[in-house]
1. According to a simple spin-label model (label point 7 Å from Cα along Cα-to-Cβ), what is the distance in nm between Asp15 and Asn179?
2. From the convex hull of the Cα coordinates of the stretch 104-179, what is the mean projected area in square nanometres?
3. If neighbour count is taken as other Cβ atoms inside 10 Å, put Glu116, Glu165 in order from fewest to most.
4. I want to check the label-to-label distance for Lys158 and Ser199. Put each point 7 Å from Cα in the C-beta direction and report it in nm to one decimal.
5. Would you list which aspartates and glutamates come within 12 Å of Lys77, measuring only between C-alpha atoms, while excluding same-chain residues fewer than 8 positions from it?
6. What angle, in degrees between 0 and 90 and rounded to the nearest 10, separates the Cα long axis of helix 150-168 from the longest principal axis of the Cα atoms of the chain?
7. Taking the number of other C-beta atoms within 10 Å as the exposure measure, put Met182, Met202 in order starting with the fewest.
8. Over the chain, how many percent of alpha carbon pairs lie in each 5 Å bin up to the one with the longest distance?
Amino acid sequence: MGKQPSMLDFSQLADNYHNSDARLFLLDWDGTLTPIVGDPEVAVPTPADIEVLERLSSNPKNDIWIISGRNSAFLQKHLGCLGSVGLSAEHGAFVRLANHTDWETMSPWADITWQETIMAIFEDYAAKTQGSWIERKSIAITWHYRNALPDIGLRNSKECKDQIEQCIVQMPSNLEVINGKMCLEVRPRDLNKGVIVRSIIMSYGGRVAPPDFVLCMGDDVTDEDMFKAIRSSSLSPERCFTVSVGHGSRPTTASWSLPEPADVMDLLGKLAAAPTKVHSEF
Ligand SMILES: O=P(O)(O)OC[C@H]1O[C@H](O[C@H]2O[C@H](CO)[C@@H](O)[C@H](O)[C@H]2O)[C@H](O)[C@@H](O)[C@@H]1O
């Protein structure tokens, strides 16, 4: 993690976009394409969001991926209508390729025996942290404390994280517990957005040549794995735009920043609307 990233230079990005033929977009969902809200169920795309993503993905030069920690049911329900967009659920555990209808399991995540132990700990903390709740996904489990009293939520999350860390070192499954945005998430250690991004770059749209423009945007600690995967790839750094979204001073390996999801959608809208020359738009 280096210095704080500079505000995204739109004209530099637009120049690169305009001068490229094989573009790859790697986009996080919560906090990046849509604002963070109290109830994850209402963090859904607006018709305008869908229109922008549809338009962007209809350009044959563009490969768009939404790479999320959400489960496949949520992504399918709210973003499944975007047929030309690749979807990745639960940090890369499940994938729906562009122009495909089926979801694939990326690795044999057969061992989920740990879930009961972790559920018991989360249930204990959910009971003593009013307003908190558990989101159980196919693989990962997330305990949300955004709607708890802030000091109680924070204190109990630290305690809960300590307890889980002590517990998972004794378990055969190689797990990790992550501090998300007002949540704790437990998942297998080798399940992360970096693995799926490496795989997407390697198999890039079944093409022979690698992408000559990459735009990767994310707001959270799990998105750092995407930024690192791009940084350690053989892609030309001048053609890769990694963007950390948010006002905070969280350490990041991204090269650029944007303040809000609204800025992200604004940027994508401009790119979608300008198939040829985008410079003047900025
Ligand atoms: O990888 P992402 O697409 O960014 O998903 C990360 C997690 O997002 C959701 O939780 C976060 O967003 C919620 C809605 O804004 C917010 O209420 C919560 O506090 C955030 O942590 C989602 O519920 C998780 O499953 C995802 O892992």
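Values in this text are rule-based calculations from the coordinates and carry no lab data. What you see is a predicted model, and the numbers here were worked out from it, not measured in a lab. Virtual Cβ from ideal backbone geometry, glycine too; neighbours counted across all protein chains shown.
1. Here the modelled spin labels are 3.9 nm apart.
2. One quarter of the hull surface, i.e. the mean projection, equals 5.3 nm².
3. Numbers: Glu116 8, Glu165 12.
Least to most surrounded, the residues fall as Glu116, Glu165.
4. Simple spin-label model gives 3.8 nm for this pair.
5. Straight-distance partners of Lys77: Glu41.
6. Taking the Cα atoms of the chain, the angle to 150-168 is about 80 degrees.
7. Numbers: Met182 18, Met202 9.
Exposure proxy ranking, most exposed first: Met202, Met182.
8. Calculated P(r), rounded to whole percents: 1, 5, 13, 16, 18, 17, 13, 8, 5, 3, 1, 0.
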